[in-house]
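Peer 1: Would you mind keeping the following structure in view while I ask a few things?
The values are calculated or read from the model by the stated rules, or taken from the named source; none is laboratory data. As the structure is a prediction and not an experimental result, all values here were calculated from the model. Virtual Cβ from ideal backbone geometry, glycine too; neighbours counted across all protein chains shown. What goes into the accessible areas is simple: the full protein's heavy atoms, side chains included, and nothing from ligands, DNA or RNA. Shrake-Rupley method; radii C 1.70, N 1.55, O 1.52, S 1.80 Å.
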Amino acid sequence: MLNAMIVEPQDNVVVAIEPIAKGDTVTYTCNGEEKALVALEDVTIYHKIAACDIPKGEPICKYGEHIGLAACDIKAGQHVHCHNLENHRENLETKV
């Protein structure tokens with residue numbers, strides 16, 4: 001049974017659609033293929049879980065959008081939240 005979702009194939013996090021306990025199997029579909037990984041931490045409903053290893057400084061991608069940078073190395077299955085995610089905002093000002 002699916003307990004997480006991913007929206008875009010380039011996303012490197014999945015979203016828990018129910019509470020997930022440490023050690024549970026996280027199951028989701030990506031491009032029509034069912035995928036699974038083990039939760040390394042308890043994850044609250046609607047929070048993010050790393051779908052793959054994410055090195056420090058790499059962009060975090062959710063719903064096809066970059067939402068920040070990994071503040072440290074993040075292992076597949078770890079909870080991704082403010083403790084290991086740093087804000088990163090591009091300068092969107094147009095220069096003349």
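Peer 1: In this structure, is N3 touching a Cys at 6+ places or on another chain (Cβ under 6 Å), at pLDDT 95 or above and crowded, with 16+ Cβ neighbours inside 10 Å?
Peer 2: In short, no.
Peer 1: Test each condition in (1) open to solvent by 20 Å² or more (accessible area, probe 1.4 Å); (2) modelled with pLDDT of 95 or more for V80 and report the one that comes out false.
Peer 2: (1)
Peer 1: Test K95 against the stated conditions and say whether it is charged (D, E, K, R), at pLDDT below 95 and surrounded by fewer than 16 Cβ atoms within 10 Å (Cβ to Cβ).
Peer 2: yes
Peer 1: Take the conditions touching a Cys at 6+ places or on another chain (Cβ under 6 Å), free of Cβ contacts under 8 Å to residues at least 24 places away in the same chain and open to solvent by 60 Å² or more (accessible area, probe 1.4 Å) and apply them to K56. Does it pass?
Peer 2: So K56 fits the description; yes.
Peer 1: If a residue must be touching a residue at least 40 places away in the same chain (Cβ under 8 Å) and open to solvent by 50 Å² or more (accessible area, probe 1.4 Å), how many such residues does segment 60-77 contain?
Peer 2: Residues meeting the conditions: 1.
Peer 1: Does Y46 satisfy being of a type outside the set (K, R), modelled with pLDDT of 95 or more and open to solvent by 80 Å² or more (accessible area, probe 1.4 Å)?
Peer 2: Answer is yes for this residue.
Peer 1: Of the residues in segment 48-76, how many are part of a strand (DSSP E or B) and among the hydrophobic types (A, V, I, L, M, F, W, C)?
Peer 2: 9
Peer 1: Something else: Given the conditions (1) part of a loop (DSSP other than H, G, I, E, B); (2) surrounded by 12 or more Cβ atoms within 10 Å (Cβ to Cβ); (3) over 10 Å from the mean Cα position of the chain (by Cα), report the number of the one that D11 does not fulfil.
Peer 2: (3)
Peer 1: For E41, work out the one condition from (1) in a strand (DSSP E or B); (2) touching a His at 6+ places or on another chain (Cβ under 6 Å) it doesn't fulfil.
Peer 2: The one condition E41 does not meet is (1).
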